[in-house]
Amino acid sequence: MKNKGVMALGALVGAAIMYGIVTFFGPDAIADQDVSLRPGDLQLVAQGKKIYDANCASCHGARLEGEANWRERGPDGLLPAPPHDETGHTWHHPDQVLFELTKYGPAAMAGGDYKSAMQGYEGVLSDEEIIASLSYIKSRWPKDVIARHDQINQSAAH
């Protein structure tokens with residue numbers, strides 16, 4: 001019974017996060033296409049690891065650990081790359097948002113004066129390559145984090 005309460009709380013938090021993302025990024029930011037990560041697709045995950053290693057690991061870490069002090073802006077005004085493991089906030093975002101953040105970059109999604117060192121990968125990686133890299137990331141999370149992320153996706157779909 002206690003686990004169901006934790007899971008319900010996770011879903012509620014996920015819905016609140018989704019509301020915040022839509023409010024921050026705008027209502028059209030999530031309308032691009034329907035995206036579903038596939039962490040159980042071993043072939044896709046293996047491809048995703050190669051893509052992650054070649055394009056993401058230099059900033060987000062070979063073990064998804066991110067950069068030090070990732071919550072504090074540096075002297076350049078930019079936030080360091082966050083971890084993509086369970087200690088970061090990646091799993092707090094639904095698949096669609098993760099895809100669009102990767103494809104377009106946070107600055108393009110947020111608009112205005114938002115600063116980020118994270119580039120968008122549109123024109124660099126195909127949509128399937130972005131999904132593969134994100135599926136690899138998700139495949140590395142503990143089972144309970146994957147379950148909570150799945151609930152966030154379900155909440156976002158409604």
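Any idea which of G120, G88, G61 is under 26 Å from Q43 (Cα atoms), of a type in the set (G, A, S) and in contact with a helix residue (DSSP H, G or I) (Cβ under 6 Å, 6 or more places away or on another chain)? Break it down stepwise before answering.
Numbers: G88 fails: in contact with a helix residue (DSSP H, G or I) (Cβ under 6 Å, 6 or more places away or on another chain); G61 fails: in contact with a helix residue (DSSP H, G or I) (Cβ under 6 Å, 6 or more places away or on another chain).
Result: G120 is the single residue among G120, G88, G61 that is under 26 Å from Q43 (Cα atoms), of a type in the set (G, A, S) and in contact with a helix residue (DSSP H, G or I) (Cβ under 6 Å, 6 or more places away or on another chain).
I'd like the residue in region 137-153 that is touching a Leu at 6+ places or on another chain (Cβ under 8 Å) and assigned to a helix (DSSP H, G or I) and, out of all such residues, is surrounded by the most Cβ atoms within 10 Å (Cβ to Cβ).
The qualifying residue surrounded by the most Cβ atoms within 10 Å (Cβ to Cβ) is I137.
Determine if region 109-118 includes at least one residue that is in contact with a Ser or Thr (Cβ under 7 Å, 6 or more places away or on another chain), closer than 20 Å to D53 by Cβ and assigned to a loop (DSSP other than H, G, I, E, B). So that I can check it myself, show each step before the final result.
Our first condition is that a residue be in contact with a Ser or Thr (Cβ under 7 Å, 6 or more places away or on another chain); within region 109-118, this holds for none.
No, every residue in region 109-118 fails to be in contact with a Ser or Thr (Cβ under 7 Å, 6 or more places away or on another chain), closer than 20 Å to D53 by Cβ and assigned to a loop (DSSP other than H, G, I, E, B).
Can you confirm whether region 1-24 contains a residue that is charged (D, E, K, R), modelled with pLDDT under 90 and outside any helix (DSSP H, G or I)? The answer is no; no qualifying residue exists. The set of residues in region 62-90 that are on the phi > 0 side of the Ramachandran plot and crowded, with 17+ Cβ neighbours inside 10 Å comprises L64, G66.
The values are calculated or read from the model by the stated rules, or taken from the named source; none is laboratory data. A quick note: this is a predicted structure, and the numbers were derived from the prediction, not measured. Quick reminder, even Gly has a Cβ in these numbers, built from the backbone with ideal geometry, and neighbours come from all protein chains shown.
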